[in-house]
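Only one structure is covered here, and it is reproduced in the block below.
The values are calculated or read from the model by the stated rules, or taken from the named source; none is laboratory data. None of the values given here were measured: they were computed from a predicted structure. Counting neighbours? That spans all protein chains shown, and the Cβs are built from the backbone with ideal geometry, glycine included.
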Amino acid sequence: MNDFNQLGGASRFSDPRGEYTKLAQWLQQVMETSPLEDSEDKQASRAYKEVNETQLELLLDDNYHIQFYQQLPDFIMGLLTNDPQATLRYASLLYHMVGCSECHSAYLDLYDAMRAAVQPEGMRVSLGQGTRTLYATPPRMLAHLCQTLISQAEEVLRQARRDHVDNDASARELLQLALRISSRIAQSSVRRQALQDLVRVATLFEGPTAPKQEEPGVYAYSPTFAGAGGMRRAGKRGVRSADILSRSNEQQEQPMIDLQAHSLEGNITQNGQTLELHLQDLDEALRGHHISISVLLGSLIEPVRWRGGNPLAIRSINTVDASGSLVVPLGETDLQLSNPEERNLLEAMFMLLEVRVAD
Amino acid sequence: MPFTARDLRYNAEQSYPLLYAYLHRNAQRYLGALKYDAFEVDTVIGHVVEQLVRLGLLGGDDRTSLTALDRLTDAQFYTFLSRSVRNKSIDRLRKRRLQVSTAAELESMESDEGEDHPLEDAVESVWGTTPFSTPEEISLHLVSQRNLRDLLKHCIKALGAAPNQLQAVIEELREIGADDLLKDVGEELHVSVSSPGPVNPHISQHKDHAHKKLRNCLQQQSTNLTVMIALRLTEYKNVSSQELSSQKVSSDMKLYTVDIQTLAQKDLSEDEVRKGLNGLVTEGLLDWHGEDVVQLTTTQMKRLTRFYKEEE
């Protein structure tokens with residue numbers, strides 16, 4: 001085969017025997033990825049999207065290839081500056097784009113935008129001006145940013161696993177950023193939507209796991225997601241034992257995080273700096289026993305000094321009483337449940353709290 | 001205060017509202033008839049925001065490498081954002097089947113604002129307007145450029161460990177008449193490629209496995225580094241006797257030496273060069289044990305040259 005001008009582009013050579021054309025067609029067949037190579041969770045994600053058309057969807061959730069996508073700006077700049085080494089330096093990316101329509105489409109988008117940016121003439125757009133805060137930004141767009149950051153953290157973790165490297169710190173920081181931004185969302189339903197994938201992605205730090213099944217004897221609590229402020233009158237629910245009701249009267253207007261595990265309820269209140277978990281109506285099998293509490297996202301952000309030092313194994317000081325109630329100090333924090341933003345941050349941290357017998 | 005790419009990278013929480021406001025203004029500008037549709041406006045903004053996160057810019061901090069986007073001037077970066085919004089807006093308009101009227105709207109609007117022909121007003125690179133605009137164009141370029149085709153050759157050669165899969169690919173290449181490529185592979189692996197082999201009843205299965213392996217190999221950065229280093233080892237032999245010293249060891253054997261810095265040039269790190277060299281060691285093309293200077297015998301150089309660099 002004869003060589004061709006490195007900068008000539010594919011259109012500038014002759015191919016009388018059609019050898020290159022046939023070889024190129026064969027290469028395309030080779031590089032096309034069959035849908036069967038999509039993982040099951042990606043297929044499930046696609047199915048979820050199809051039934052949630054009104055939600056702002058992520059563009060690249062299904063077929064996002066982080067290692068190639070993030071090479072695009074430098075590759076494009078190489079082309080725009082006529083770097084003769086650009087195609088060789090990014091040959092793997094080029095081969096990838098033959099079979100990946102998502103990355104190729106992103107390339108075309110970025111190429112056009114970057115070309116417009118570096119063009120020497122033409123009108124320059126005005127700079128962004130003004131002072132804006134996250135509170136002035138629509139909650140739906142904050143939620144979308146949170147979802148994107150969480151999805152990005154997931155891809156960082158998956159890519160690190162494929163490359164056999166540890167990139168937990170990067171993924172963790174993306175999740176922390178998502179958490180901090182979500183705390184500015186006042187509406188609980190939007191906040192819930194923003195963090196819908198948080199627990200699933202945060203548990204990927206432990207490596208690939210099978211879909212979590214409900215373990216017998218384990219009570220998985222999650223927040224009921226209060227609205228702005230999270231203030232409510234404790235004890236508004238129907239069935240309570242006398243002592244709980246009595247304590248509830250003292251706690252009127254006390255900010256708290258309501259938790260629920262199926263029909264079971266609980267809440268987290270703050271006493272000074274101490275966060276306390278209140279559980280009621282626990283199963284008879286737990287009564288008279290110490291319990292162990294696992295705050296699955298407890299180490300994701302670190303504003304809480306957990307009792308015993310490990311948020312995944314907080315042992316109750318007392319045993320569950322005869323009525324199935326228990327109060328467990330979880331740890332100390334400088335955050336205040338009375339501050340809406342800090343309360344939202346704590347609520348996100350308690351997105352999954354598991355209770356089991358400690359013995 | 002306007003925001004910058006640096007702000008988005010290092011102060012995402014503070015600069016996101018400013019980014020949002022800027023994108024919002026542009027989305028309304030480009031969405032034409034849909035500019036009061038809050039969902040459409042947010043969708044356009046969301047796509048650009050997602051792009052910035054995925055690229056490792058928004059909220060990337062020092063966790064991701066700086067890219068060409070970080071090196072744009074502020075004005076260039078704003079143009080980049082504005083153009084991205086414009087492209088996403090056109091996508092949405094097309095999706096809502098409003099493209100006919102809005103394309104005209106877009107043009108007239110942009111003309112009013114000073115951009116005479118925004119779609120044609122591009123940097124004229126040697127690649128033309130938009131290089132690699134289709135997968136067909138990319139694949140044609142990959143197989144027609146010697147250096148890029150070398151990756152394909154390299155990966156086909158790697159199939160040598162699975163003879164049935166290699167044979168399946170050889171049969172395919174023979175059918176399409178890729179004779180020169182076949183000849184190179186055949187010589188390197190000492191296999192016959194001239195005539196069809198006996199029909200293998202599981203050929204289809206072997207072909208599928210071979211394609212999967214080729215896909216993986218061709219997309220590996222390590223493959224690219226191995227081929228790049230192989231090429232540089234062969235190229236520097238011819239380039240300069242100062243950069244590549246050769247000394248007479250015996251009457252029939254020269255010893256070529258190239259240092260790692262020379263192989264790195266300006267665009268590769270020392271670590272990348274070492275990865276590439278390790279790839280060649282794994283293939284048995286080189287004896288190298290991590291030294292700063294790579295040594296090759298005449299035989300090794302000939303073998304590299306034969307496979308990775310066609311005779312001039």
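Among the residues of segment B:2-22, is any farther than 18 Å from A:LEU145 by Cβ and at the interface with chain A (Cβ under 7 Å from one of its Cβ atoms)? Can you show your working first?
Start the filter on segment B:2-22 by keeping residues that are farther than 18 Å from A:LEU145 by Cβ, which leaves B:2, B:4, B:6.
After this cut, where a residue has to be at the interface with chain A (Cβ under 7 Å from one of its Cβ atoms) as well, the list is B:2.
Within segment B:2-22 (the criterion being farther than 18 Å from A:LEU145 by Cβ and at the interface with chain A (Cβ under 7 Å from one of its Cβ atoms)), the answer is yes, since at least one residue qualifies.
Only one residue in B:LYS212, B:LYS207 is in a helix (DSSP H, G or I), among the charged types (D, E, K, R), in the same structural domain as B:ILE156 (by TED's automatic domain parsing) and free of Cβ contacts under 8 Å to residues at least 24 places away in the same chain. Which one?
Being in a helix (DSSP H, G or I), among the charged types (D, E, K, R), in the same structural domain as B:ILE156 (by TED's automatic domain parsing) and free of Cβ contacts under 8 Å to residues at least 24 places away in the same chain holds for just one of B:LYS212, B:LYS207, which is B:LYS212.
Restricting the search to segment B:9-49, which residues are of a type in the set (Ser, Thr, Tyr) and surrounded by 19 or more Cβ atoms within 10 Å (Cβ to Cβ)?
Scanning segment B:9-49 gives B:SER15, B:TYR16, B:TYR20, B:TYR22, B:TYR30, B:THR43.
Quick test of your reading of the structure: A:GLN196 fulfils all but one of (1) surrounded by 12 or more Cβ atoms within 10 Å (Cβ to Cβ); (2) closer than 18 Å to A:ALA261 by Cα; (3) modelled with pLDDT under 85. Name the failing condition by number.
Result: A:GLN196 fails condition (3) only.
Select from segment B:127-146 the residues that are assigned to a helix (DSSP H, G or I) and under 30 Å from A:ALA116 (Cβ atoms) and list them in ascending order.
B:PRO135, B:GLU136, B:GLU137, B:ILE138, B:SER139, B:LEU140, B:HIS141, B:LEU142, B:SER144, listed by residue number.
Do we have any residue at all in segment A:302-312 that's surrounded by fewer than 17 Cβ atoms within 10 Å (Cβ to Cβ), among the hydrophobic types (A, V, I, L, M, F, W, C) and not in a strand (DSSP E or B)?
Looking for residues that are surrounded by fewer than 17 Cβ atoms within 10 Å (Cβ to Cβ), among the hydrophobic types (A, V, I, L, M, F, W, C) and not in a strand (DSSP E or B), one finds at least one in segment A:302-312, hence yes.
Which one of these is modelled with pLDDT under 90, of a type in the set (Ser, Thr, Tyr) and in a helix (DSSP H, G or I): B:SER222, B:SER192?
Working: B:SER192 fails: in a helix (DSSP H, G or I).
Just one listed residue meets the conditions, B:SER222.
Among (1) on the phi > 0 side of the Ramachandran plot; (2) within 10 Å of chain B (Cβ to nearest Cβ), which single condition is A:SER170 missing?
Result: A:SER170 passes all but (1).
Looking at A:SER316, A:SER294, which one is more than 25 Å from the chain's Cα centre (by Cα), hydroxyl-bearing (Ser, Thr, Tyr) and surrounded by 17 or more Cβ atoms within 10 Å (Cβ to Cβ)?
Numbers: A:SER294 fails: more than 25 Å from the chain's Cα centre (by Cα).
Result of the check over A:SER316, A:SER294: A:SER316.
Condition first: surrounded by fewer than 24 Cβ atoms within 10 Å (Cβ to Cβ) and facing another protein chain (nearest Cβ under 7 Å). Now tell me which residues in segment B:84-96 satisfy that.
The one that is surrounded by fewer than 24 Cβ atoms within 10 Å (Cβ to Cβ) and facing another protein chain (nearest Cβ under 7 Å): B:ASN87.
Please work out which residue is surrounded by the fewest Cβ atoms within 10 Å (Cβ to Cβ), limiting yourself to segment A:70-114 and to residues that are small (Gly, Ala, Ser) and in contact with a helix residue (DSSP H, G or I) (Cβ under 8 Å, 6 or more places away or on another chain).
Step one: list which residues in segment A:70-114 are small (Gly, Ala, Ser), which gives A:78, A:86, A:91-92, A:99, A:101, A:105-106, A:113.
Still in the running and in contact with a helix residue (DSSP H, G or I) (Cβ under 8 Å, 6 or more places away or on another chain): A:78, A:86, A:91-92, A:99, A:101, A:106, A:113.
On the way: A:GLY78: 19, A:ALA86: 23, A:ALA91: 26, A:SER92: 22, A:GLY99: 21, A:SER101: 13, A:ALA106: 22, A:ALA113: 24.
Among those residues, the one meeting the criterion is A:SER101.
Out of all the residues in segment B:50-75, which are buried (at least 20 other Cβ atoms within 10 Å of the Cβ) and more than 24 Å from the chain's Cα centre (by Cα)?
B:GLY59
Just to be sure before I move on: is B:LEU81 within 22 Å of A:LEU134 (Cβ to Cβ), facing chain A (nearest Cβ under 7 Å) and at pLDDT 95 or above in the structure I sent?
Numbers: within 22 Å of A:LEU134 (Cβ to Cβ): yes; facing chain A (nearest Cβ under 7 Å): no; at pLDDT 95 or above: yes.
No: the conditions fail for B:LEU81.
Looking at B:GLU40, is it free of Cβ contacts under 8 Å to residues at least 60 places away in the same chain, more than 8 Å from chain A (Cβ to nearest Cβ) and more than 28 Å from the chain's Cα centre (by Cα)?
Considered against the rule, which asks whether it is free of Cβ contacts under 8 Å to residues at least 60 places away in the same chain, more than 8 Å from chain A (Cβ to nearest Cβ) and more than 28 Å from the chain's Cα centre (by Cα), B:GLU40 comes out as yes.
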